[in-house]
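Accompanying notes for the structure given below.
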Amino acid sequence: MQDDFIWWRDGIIYQIYPRSFADSNGDGLGDLPGITSRLDYLAELGIDALWLSPFYPSPDADFGYDISDYTNIDPRFGTLADFDTLVAAAHQRNIRIIVDLVLNHTSDQHPWFLESRSSRNNPKRDWYLWRDHPNNWQSFFGGVGWEWDAATRQHYFHMFARQQPDLNWRNPKVHQEMLEVFRFWAERGVDGFRLDVFNAYFKDENYRDNPRKFGLRGFERYNHLYDINQPEMHPLLNEIRTLLDHYPERYAVGETFVASPETSASYCGPGKLHAAFNFDFTFRKFSAAEFADSIQKWTQATGAEIWPNYVLSNHDQPRSATRYAHGEDDTRARLALGMLLTLRGTPFLYYGEEIGMRDIRLKRSEILDPPGQHYWPFYTGRDGCRAPMQWDASPQAGFSSAKPWLPVHPNYRQRNVAAQQQDPGSLLNFVKKLIALRRSSPALQRGDFRLLCDPAQGVLSYERQTTAQHLRVHLNFSARPQALPATDVSPSLVLSSHRDSLNQPLQIAPGEVLILQTPA
């Protein structure tokens, strides 16, 4: 590893949904000690940081994203002492910890909101967004964004579930309390922060209606000029970055909500966030041309000063293997991960992605996710991608000794960590090879990026190079063998998903991941 290695730039970040990763006490819910017990697996995998989805006290109206206490641990997940143990054990293995901060809204059971709704004269009334006459702002989870409170005869705004009232970031006391949350966790040894829907913190101070779009329904029928992306975000991000820079090697990545690549990039750079997610890439169809277009747009938007990142799966979207793969065949999953782990930028892996976990399917009566309940059958929610981690072929996939909070995927007896560890040709072992290569390769960690040819024929080819190392990555998204771009010199084989040696003339097999080296 290079002496100037920066974990969030050169490393790989692995997202864990805590209630679904490992259950240590047999209650069917994953917990912090469970994560600690699996750190050796994660270290062997080769990741550099863990992003933990919320573990704070919560009534679970949105499964942890409705927080009732920002500076504590939900007893179902453990204690602050358990968290400290996890941080220390991770740091011993050179694994950093990123926590999820959900600062746009609280739970309606948070003490702040209980005070706010107790009377119109309460000192915390202005900590949330209250109106006599609501405007046309909508809830992303469906319906109008304003909830009537009969006791105080006003409406409060909620961008998401009605149990998630939005905070008033224009109130200086709210602003200060939120900065203290950063300090609390940074002082506890946390290395980074993922900011949930951060670009929705501020709303238009005059509560102007959003303009209508024609031909669309629900949340999408409005142009969201006044409930997200307000100009006050930029000075706030400068303030957050200044705070984080007081601590060594701290990091902040933002979830830009309903945003283009250009908007996401505008929140990053010196004096702003270190990074923001670009979901244009995540949502692309399985096509060399589609991904090449997204990569080029993101490269152009981020430029030289902003370090990009890439993500194919998370707790809100169907898993990449579910979206792209055919049945239990991992060819497409292998190709997608080959791309994710060789692009210029920080890769984010979602737990179980390394073994090709698929989404579970639920009956309507089994759906727990609020948007899934509201929009069924047009949208079945996010439960599918949050199923328990598949560790082995024992009951409940080795996740728990009890019935888990969500069902385990029926394929767990064949698709699990233990089985793939023993199979040299498994997706898991291929991912381990890719990660090991990335960790040892200056070109893959921070080298320049250049597309090599038109991806119209179904092959995505790009160069990653530093002055000392030149690599070429070829990914065949098509169903046919394809010729590779000619080179002036004979390349050497670095890694392939299909072969151990090169033949002439150079061709790439359908679904192959092929990495070659040419002289620097």
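The values are calculated or read from the model by the stated rules, or taken from the named source; none is laboratory data. Quantities reported herein were computed from a predicted structural model and do not represent experimental measurements. Cβ placement follows ideal geometry from the backbone for every residue including glycine, while neighbour counts extend to all protein chains displayed.
Summary table
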quantity: Residue within region 166-188 that is out of contact with any helix residue (DSSP H, G or I) (no Cβ under 9 Å at 6 or more places or on another chain), crowded, with 17+ Cβ neighbours inside 10 Å and not in a helix (DSSP H, G or I) present; calculated: no
quantity: Selection within region 61-99 - under 20 Å from residue 250 (Cβ atoms) and touching a Phe, Trp or Tyr at 6+ places or on another chain (Cβ under 9 Å); calculated: 70, 71, 83, 94, 95, 96, 97, 98, 99
quantity: Index of the failed condition, residue 189 passing every other in (1) closer than 22 Å to residue 277 by Cα; (2) assigned by TED's automatic domain parsing to the domain that holds residue 274; (3) of a type in the set (Gly, Ala, Ser); calculated: (1)
quantity: Identity of the residue in region 485-518, more than 18 Å from residue 440 (Cβ to Cβ) and small (Gly, Ala, Ser), that ends up surrounded by the fewest Cβ atoms within 10 Å (Cβ to Cβ); calculated: 501
quantity: Qualifying residue in region 225-233 (condition: of a type in the set (Val, Ile, Thr), over 23 Å from residue 270 (Cβ atoms) and buried (at least 18 other Cβ atoms within 10 Å of the Cβ)); calculated: yes
quantity: Residue in region 278-301 that is in contact with a helix residue (DSSP H, G or I) (Cβ under 6 Å, 6 or more places away or on another chain) and free of Cβ contacts under 8 Å to residues at least 12 places away in the same chain present; calculated: yes
quantity: Single unsatisfied condition, residue 516 versus (1) assigned to a helix (DSSP H, G or I); (2) touching a His at 6+ places or on another chain (Cβ under 8 Å); calculated: (1)
quantity: Filtered residue count, region 370-394, keeping only those that are of a type in the set (Phe, Trp, Tyr), out of contact with any helix residue (DSSP H, G or I) (no Cβ under 7 Å at 6 or more places or on another chain) and in contact (Cβ under 8 Å) with a residue 12 or more places away in the chain; calculated: 1
quantity: Index of the failed condition, residue 136 passing every other in (1) in the same structural domain as residue 54 (by TED's automatic domain parsing); (2) surrounded by 15 or more Cβ atoms within 10 Å (Cβ to Cβ); (3) of a type outside the set (Phe, Trp, Tyr); calculated: (1)
quantity: Residues that are farther than 23 Å from residue 348 by Cα and surrounded by 16 or more Cβ atoms within 10 Å (Cβ to Cβ), drawn from region 413-452; calculated: 419, 452
quantity: Scope region 200-241; condition among the polar types (S, T, N, Q) and more than 27 Å from the chain's Cα centre (by Cα); matching residues; calculated: 206, 210
quantity: Residue within region 39-46 that is assigned by TED's automatic domain parsing to the domain that holds residue 190, in a loop (DSSP other than H, G, I, E, B) and either more than 21 Å from residue 163 (Cβ to Cβ) or within 22 Å of the chain's Cα centre (by Cα) (or both) present; calculated: yes
quantity: Hey, residue 397 small (Gly, Ala, Ser), more than 19 Å from residue 76 (Cβ to Cβ), free of Cβ contacts under 8 Å to residues at least 60 places away in the same chain and buried (at least 22 other Cβ atoms within 10 Å of the Cβ) or not; calculated: yes
quantity: Number of positions in region 293-324 that are among the hydrophobic types (A, V, I, L, M, F, W, C), out of contact with any Cys (no Cβ under 8 Å at 6 or more places or on another chain) and crowded, with 21+ Cβ neighbours inside 10 Å; calculated: 5
quantity: Flag if residue 162 is basic (Lys, Arg) and under 20 Å from residue 68 (Cα atoms); calculated: yes
